[in-house]
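One structure below.
The values are calculated or read from the model by the stated rules, or taken from the named source; none is laboratory data. Just so you know, these numbers come straight off a predicted model, no measurement behind them. Methodologically, a virtual Cβ is constructed for each residue, glycine included, from the backbone with ideal geometry; neighbour enumeration extends over all protein chains shown. Surface accessibility is based on the protein's heavy atoms, side chains included, excluding ligands, DNA and RNA. Shrake-Rupley method; radii C 1.70, N 1.55, O 1.52, S 1.80 Å.
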Amino acid sequence: MITPYDVAKVRADFPILHRLVNGKPLTYLDNANTTQKPQSVIDAVTDFYTTYNANIHRASHLLGELATRAYEEARVKVQTFLHAADAHEIIYVRNATEGVNLVAQTYGRRNIHAGDEIILSTMEHHANIIPWQLLCAETGAKLRIIPINDAGELMMDEYAKLLSERTKFVGIVHMSNALGTINPIKQVIEMAHAYGVPVLVDAAQSAYHMPIDVQELDCDFLVFSGHKLYGPTGIGVLYGKRALLEEMPPWQGGGDMIATVTFEETTFNEIPYKFEAGTPHIDGAIGLGAAIDYLAGLGMDKISTYENELMAYGTDLLTAVPGLRMIGTARAKASVYSFVLDGIHPYDIGTVLDQEGIAIRTGQHCAHPVMQRFGVPATVRASLGLYNTREELDTLVRGLHTAREIFGE
Amino acid sequence: MTAEVLSEALTIDKAQEEIVEEFDYLGDWTERYKHIADLGRKLPPFPEDQRLEENKVKGCQSQVWLSGHLNGKQIVFDADSDALIVRGLIALALRVYSGRTPEEILSTPPEFINKIGMSEHLSANRANGLQAVIKQIKRYAVAFQARTETE
């Protein structure tokens with residue numbers, strides 16, 4: 001039986017959506033920044049602290065056993081969510097940013113040297129630029145950048161030209177946070193693999209909008225953040241192929257990541273524990289597991305279909321606003337409306353929308369190269385989540401008309 | 001125009017009171033923002049030779065410039081922003097703080113901002129323009145005070 005997507009029922013699961021902001025009902029359209037949490041995620045975290053809080057992997061008592069089990073069960077949920085071959089390929093990190101840094105500092109330091117090249121794209125979030133810049137400064141490797149066209153799409157023919165024997169790594173965003181573009185990452189990966197080059201996929205924006213299958217993509221690494229996936233902040237995931245992770249040196253040292261320690265020598269634990277030094281974000285992992293359960297309950301394919309319909313509705317509505325220029329008009333696009341309004345500073349628009357209870361983001365979205373590419377100092381960004389409605393997009397457009405009224409001469 | 005006339009005619013406290021009274025006459029928030037946008041449009045042009053990296057106020061989501069120079073015992077400020085709301089708020093801040101002595105500036109908290117219902121513009125949010133501008137105005141006052149004391 002096919003159950004239709006019931007957005008009213010979905011909204012009822014998110015307590016924060018029922019509060020007022022500046023006396024108006026909250027219209028939350030800042031999902032690319034972070035998403036709101038369903039009651040089940042809040043309950044999972046509360047339940048951990050209320051009924052079985054203990055440290056994991058080292059306690060000899062029942063609570064420790066329960067906590068360890070919940071933490072490891074959440075890892076299996078992530079594995080299932082990403083369709084990974086093995087739960088040990090799932091490493092808990094703080095966020096997508098930390099995942100990229102981990103790969104740059106371990107795989108990168110060991111395998112990338114002076115004269116080698118790392119390929120990224122113009123539309124990367126700073127999280128997938130700076131860690132590689134730091135590595136380049138340390139090793140003498142160089143960054144090569146795939147350009148994007150006026151629609152905000154990756155120029156694949158240019159990518160083909162950049163690939164060479166010197167290429168040692170490719171880092172690519174699955175979906176742009178500043179443009180909404182969905183990149184053809186399967187093709188990006190295939191082309192890199194033809195040169196024997198591993199690929200890291202930044203799935204921070206895509207993971208909560210569409211199903212992801214790391215085996216089907218054949219990506220070598222993939223990162224995402226829990227807080228964008230309707231889960232807690234401070235927990236994220238690095239997926240890596242087992243063979244690569246096993247070969248990589250550890251990054252941070254400390255408890256839980258070791259097998260035996262003497263002052264002369266330490267042998268390290270197995271993956272994933274080799275990369276999880278110290279007491280981790282236990283409640284974060286449990287909350288992330290609950291978020292994945294929630295998404296699985298709705299079905300990622302159904303969420304994706306609903307959001308795409310909503311996206312099309314909003315695109316028509318926004319492009320009809322006089323003076324509005326959409327930044328990023330890729331054919332394959334999800335969730336994100338990044339735009340400028342003639343003669344009105346994005347900050348001014350944000351200020352007016354806030355008065356109307358509408359939460360959006362204004363600025364450069366941690367993607368300065370994208371702003372430079374399109375010659376805009378900043379944009380207004382409205383971004384959709386699984387609980388947004390057509391009525392909310394109507395409210396957004398009304399808010400933009402109010403801004404035009406206030407700031408137009 | 002009005003900014004200069006008023007600041008010459010009024011004490012720093014009177015200038016704040018006058019702003020508060022002016023806003024009391026305004027209706028809902030759209031009217032307030034319209035008025036602020038108007039003030040922003042009327043802010044005197046920023047001297048182009050002062051549009052320097054060192055005069056850029058850090059920590060604003062919009063671009064903000066502020067420069068100050070001593071005129072007798074008073075500090076005169078010029079400021080600009082590419083966001084109209086921020087320009088308008090800056091215009092208000094200059095009505096209070098421009099053409100004042102360092103002592104006056106340092107002993108006067110920007111109470112008008114709360115009283116006209118713009119306190120969110122003084123929040124801890126790092127993207128906030130007005131907060132950074134007022135901090136910078138106070139830094140000028142401290143610097144000029146130190147300079148006049150050593151002279």
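Within the listed set A:TYR208, A:TYR107, A:TYR92, the Gaussian network model of chain A (springs between alpha-carbon atoms below 10 Å) gives the highest mean-square fluctuation for A:TYR107. Reducing the stretch A:249-285 and the stretch B:129-151 to their Cα centroids gives an inter-centroid distance of 50 Å. In this structure, the amide hydrogen of B:VAL57, modeled 1.01 Å from its nitrogen in the peptide plane, lies closer than 5 angstrom to those of B:VAL64, B:TRP65, B:LEU66, counting only residues at least 5 positions away or on a different chain. In order along the stretch A:235-241, the phi-based Karplus estimate (6.51 cos²θ - 1.76 cosθ + 1.60, θ = phi - 60°) of 3J(HN,Hα) comes to 10, x, 9, 10, 9, x, 5 Hz; Gly and Pro are listed as x.
Carbon-plus-sulfur accessible fraction, the stretch A:166-256 (probe radius 1.4 Å, protein heavy atoms only): 52%.
Over all other residues within a Cβ to Cβ distance under 11 Å of A:PRO38, the charged ones net out to -1, with Lys and Arg as +1 and Asp and Glu as -1. For chain A, the solvent-accessible area works out to 40 Å² per residue, with a probe of 1.4 Å and every protein chain left in place.
Residues whose amide H lies under 5 Å from that of A:LEU143, counting only those 5 or more places away or on a different chain, are A:ILE118; hydrogens are built 1.01 Å from N in the peptide plane. Buried area at the B:A interface is about 1400 square angstrom, summed over both chains, from accessible surfaces computed with a 1.4 angstrom probe. Dipole magnitude for the stretch B:2-150: about 460 debye, using +1 per Lys or Arg Cβ and -1 per Asp or Glu Cβ, origin at the Cα centre.
Per DSSP H run of n ≥ 4, the term is -39500 (n - 2.57); total these for chain A, divide by its residue number, and report the mean residue ellipticity at 222 nm rounded to 500 deg cm²/dmol. List each step's numbers first, then the result.
On the way: 14 runs with 152 residues, N = 409.
Computed mean residue ellipticity for chain A: -11000 deg cm²/dmol.
Inter-chain neighbour count for B:80-86: the average number of beta-carbon atoms from partner chains within 10 Å of each residue's beta-carbon is 6.
3J(HN,Hα) couplings calculated from phi for the stretch A:327-340 with the Karplus curve 6.51 cos²θ - 1.76 cosθ + 1.60 (θ = phi - 60°) are, in sequence order, 9, x, 10, 4, 5, 9, 8, 9, 6, 9, 10, 10, 8, 10 Hz; Gly and Pro show x.
Only beta bridges with both residues in the protein assembly as shown are counted; by DSSP, about 70 percent of them are antiparallel. Among the listed pairs A:LYS142/B:LYS58; A:LYS241/A:LYS333; A:LYS37/A:LYS302, a Cα-Cα separation exceeding 26 Å is found for A:LYS142/B:LYS58; A:LYS241/A:LYS333. Got a sec? Charge dipole of chain A, +1 on Cβ for Lys and Arg, -1 for Asp and Glu; which of A:THR262, A:THR50, A:PRO369 is way out at the positive end? Positive-end residue among those listed: A:PRO369. Among beta bridges identified by DSSP and lying wholly in the stretch A:43-296, the antiparallel ones come to about 50 percent.
Once you've got the Cα coordinates, tell me which of A:LYS228/B:LYS135; B:LYS34/B:LYS56; A:LYS24/B:LYS34 are over 23 Å apart.
A:LYS228/B:LYS135; B:LYS34/B:LYS56
Backbone geometry of the stretch A:66-79 corresponds, through the Karplus equation with coefficients 6.51, -1.76 and 1.60 at θ = phi - 60°, to 3J(HN,Hα) couplings of 5, 5, 4, 5, 5, 5, 6, 5, 4, 4, 5, 5, 5, 4 Hz, x marking Gly and Pro.
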